[in-house]
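Written out below as structure tokens is the structure these notes cover.
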């Protein structure tokens with residue numbers, strides 16, 4: 001049986017070699033400060049748009065890491081509703097999906113950052129867990145919700161199946177009997193503001209520590225990443241988020257899992273893990289440039305067309321295109337999304353073609369598609 005770090009004598013007294021991370025840490029802290037300062041200079045409306053984009057990506061990608069694909073429009077609409085951002089009438093949530101599931105995922109993510117200064121408590125974590133699983137099921141499997149896991153079905157293990165069909169155990173969590181004590185120690189440390197642990201390092205350690213305890217039957221990864229976001233918001237002293245850590249983790253998911261597994265099977269020297277975490281954060285900050293570019297392109301587009309007398313359907317569909325419409329836009333999709341007839345959709349599109357706002361795509365086919373004019377890809 002493998003030995004894990006929670007069974008070591010000095011658990012959970014993590015240590016690291018400061019000389020290996022101090023320069024990287026200083027550089028990423030400088031980038032954090034520059035990004036926050038730059039965004040604050042944009043004005044309220046653009047900051048709200050950037051926060052909407054980054055929070056939408058955070059929710060989508062954190063779920064994707066766990067193999068769950070959420071509907072982008074539903075997530076964006078739910079985030080906008082909670083942030084008080086007007087995105088028009090074309091992106092209302094689909095209430096035919098599992099009750100409040102998307103809203104619950106968004107609620108957890110935003111509570112972590114909007115209320116970053118509030119203590120992280122047992123009850124708050126239970127509320128997050130209940131929001132993630134409003135039906136009491138994970139897929140088709142019934143799970144314990146808003147409660148620590150019990151291990152009645154056996155030890156909590158992270159398992160994959162090899163190409164030969166054999167199960168490989170990557171990690172086994174501590175027994176359920178230890179969770180109450182382990183989580184009390186974790187929460188006391190997380191809420192302690194004595195300043196002994198640098199805030200960005202605290203974010204990385206918090207994630208590792210929480211997912212190592214693995215206190216819930218399901219949802220530990222998503223809750224762990226919400227805790228990371230909460231700690232990063234504390235490190236910046238700001239509830240506004242302009243980058244998505246989960247988006248970057250999603251891009252390097254294999255490395256993420258490898259570093260977690262290697263660290264959990266190693267000793268309490270977590271230097272290598274913290275090096276990766278700082279570098280991952282640095283790459284996430286680079287990704288913020290994409291979010292900023294999208295927001296600025298959208299603002300410049302509407303400045304150019306400020307005098308255009310467009311109807312609500314046209315404005316809504318243009319905003320969809322500016323926000324990164326997936327696939328090709330044709331008249332049938334326009335009619336479906338704008339909830340109008342095919343004839344009305346064609347009139348809307350023809351009007352935008354005459355104004356030089358839309359153009360027909362070069363590629364032919366059974367259905368003509370359209371793109372915005374003068375928007376960078």
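The values are calculated or read from the model by the stated rules, or taken from the named source; none is laboratory data. Predicted model, so just to flag it, every value in this text is computed and none were measured. Because the Cβ atoms are built from the backbone with ideal geometry, glycine has one as well, and the counts that use them run over all protein chains shown.
Tabulated data
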{"read-out": "Residue that is nearest to residue 16 (Cα to Cα), among those in the stretch 299-324 that are under 22 Å from the mean Cα position of the chain (by Cα) and buried (at least 16 other Cβ atoms within 10 Å of the Cβ)", "value": "323"}
{"read-out": "Given (1) farther than 26 Å from residue 25 by Cα; (2) out of contact with any strand residue (DSSP E or B) (no Cβ under 9 Å at 6 or more places or on another chain), index of the condition residue 318 fails", "value": "(2)"}
{"read-out": "Sole residue being within 14 Å of residue 238 (Cβ to Cβ), within 21 Å of the chain's Cα centre (by Cα) and assigned to a helix (DSSP H, G or I), chosen from 60, 35, 46", "value": "35"}
{"read-out": "Residue within the stretch 175-192 that is out of contact with any helix residue (DSSP H, G or I) (no Cβ under 7 Å at 6 or more places or on another chain) and over 23 Å from residue 7 (Cα atoms) present", "value": "yes"}
{"read-out": "Residue match in the stretch 133-140 (condition: within 18 Å of residue 66 (Cβ to Cβ), touching a helix residue (DSSP H, G or I) at 6+ places or on another chain (Cβ under 7 Å), in a loop (DSSP other than H, G, I, E, B) and in the same structural domain as residue 55 (by TED's automatic domain parsing))", "value": "yes"}
{"read-out": "Residues (assigned to a loop (DSSP other than H, G, I, E, B), out of contact with any strand residue (DSSP E or B) (no Cβ under 8 Å at 6 or more places or on another chain) and touching a residue at least 24 places away in the same chain (Cβ under 8 Å)) located in the stretch 148-194", "value": "148, 149, 150, 151, 174, 175"}
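Yes/no per residue for (1) surrounded by fewer than 21 Cβ atoms within 10 Å (Cβ to Cβ); (2) in contact with a strand residue (DSSP E or B) (Cβ under 9 Å, 6 or more places away or on another chain); (3) at pLDDT below 95; (4) outside any helix (DSSP H, G or I):
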{"site": "227", "(1), (2), (3), (4)": "no, no, no, no"}
{"site": "240", "(1), (2), (3), (4)": "yes, no, yes, yes"}
{"site": "272", "(1), (2), (3), (4)": "yes, no, no, no"}
{"site": "291", "(1), (2), (3), (4)": "no, no, yes, no"}
